[in-house]
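Since the structure comes first, as structure tokens, the remarks are kept for the end.
The values are calculated or read from the model by the stated rules, or taken from the named source; none is laboratory data. It should be emphasised that the depicted structure is a prediction, and the values quoted were computed from it without experimental measurement. Because the Cβ atoms are built from the backbone with ideal geometry, glycine has one as well, and the counts that use them run over all protein chains shown. For the accessible areas, the whole protein counts, side chains as well, though only heavy atoms, and no ligand, DNA or RNA atoms are used. Shrake-Rupley method; radii C 1.70, N 1.55, O 1.52, S 1.80 Å.
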Amino acid sequence: MTQISFFSRVLDLVAPRACPACERRLGITEEPLCAACNIALPRTMHHLQPFDNELACLFWGRIPIEKCAAFFLYKPNSPSSCLIYKLKYFDRPDIGEQLGQLVATEYAAENFFDGITALLPVPLTRRRIIQRGYNQSLEIARGISAVTGLPIVTKAIRRKSFIESQTQKDLWQRTKNVENAFELRTNAKLNNHHVLLIDDVITTGATLTAVGKELMKVPDIKISILSLCFASDK
């Protein structure tokens with residue numbers, strides 16, 4: 001234990017880590033956020049009422065869901081929005097994996113993952129992955145899997161079209177933008193599975209609704225949703 005601590009301290013001196021939210025240097029025991037940013041993160045606490053919360057309401061009447069939660073609220077020009085911005089546009093896949101571990105650790109303590117059998121990150125097109133270098137939802141799923149041991153499914157759903165950014169679009173525009181954008185693969189073996197869809201940001205729920213409609217073609221499937229953040233308009 002002492003040896004691990006010694007090498008950790010040496011590594012921290014050679015390559016000091018910074019909090020991705022505020023850029024302050026992280027302490028040896030701090031990860032992925034500094035203590036101040038971790039405490040200030042606007043957690044939704046959706047996992048305490050995963051069947052009935054403001055995020056779950058978005059999907060009522062659109063797709064059947066078992067559980068639904070977002071880890072924190074997205075607020076423009078805030079440390080929480082900075083996390084998402086760096087994850088998506090600044091080549092920081094590590095933020096996704098580390099936050100995935102953080103949310104999984106907190107939610108597992110409240111049995112949120114009970115009954116779930118697989119993690120399914122929202123897919124990107126090959127073109128988008130080449131541009132970005134990674135799928136941020138897959139990085140989040142990797143962090144969750146590391147804590148829960150749940151397998152990650154990556155080939156059941158294909159994103160078959162390159163759509164415009166959902167930013168600045170209203171609910172109708174977002175829905176049309178992702179309409180028919182996803183396709184269930186014929187070799188998807190998800191019968192009798194309870195799948196947890198993983199995404200980075202939910203605004204109107206249009207993207208996850210489109211994915212969910214494809215998954216509903218699978219016999220006896222159950223669908224739940226987990227996102228890093230929810231961009232609520234309240």
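How many angstrom lie between the C-alpha centres of region 78-125 and region 196-234?
The two parts, judged by their Cα centres, are 14 Å apart.
Please compute the volume of the convex hull spanned by the alpha-carbon atoms of the chain and report it per residue in Å³. Walk me through the numbers on the way to the answer.
Numbers: hull volume 32.3 nm³, N = 234.
Hull volume over Cα atoms, normalised by residue count, gives 138 Å³.
If you take every DSSP beta bridge whose two residues both sit in the chain, what share of them, in percent to the nearest 5, is antiparallel?
Working: 5 of 23 bridges.
Counting only bridges with both partners in the chain, antiparallel ones make up about 20 percent.
Would you mind telling me the share, in percent, of accessible area of the chain contributed by carbon and sulfur at probe 1.4 angstrom? Please report the intermediate quantities before stating the final value.
Values: 6570 of 12320 Å².
Carbon plus sulfur share of accessible area: 53 percent.
Can you compute the modelled spin-label distance between Ala108 and Glu31, with each label point 7 Å from Cα toward Cβ, in nm?
1.4 nm
Based on the alpha-carbon gyration tensor of region 86-159 and its eigenvalue square roots a ≥ b ≥ c, which shape applies: rounded if a/c is under 1.5, prolate if not and a/b is larger than b/c, or oblate?
Values: a/c = 3.27, a/b = 1.47, b/c = 2.22.
Oblate is the answer for region 86-159, as a/c is 1.5 or above yet b/c matches or exceeds a/b.
Near the amide H of Phe230, under 5 Å away, which other amide H atoms are found, from residues 5 or more places off or on another chain, if H is placed in the peptide plane?
Close amide H contacts, sequence-distant or interchain: Phe72, Leu73, Tyr74, Ile202.
Let me have the relative contact order for the chain, percent, based on Cα pairs under 8 Å that are six or more residues apart. Walk me through the numbers before you get to the answer.
On the way: 395 pairs, mean separation 49.5, N = 234.
Result for the chain is 21 percent.
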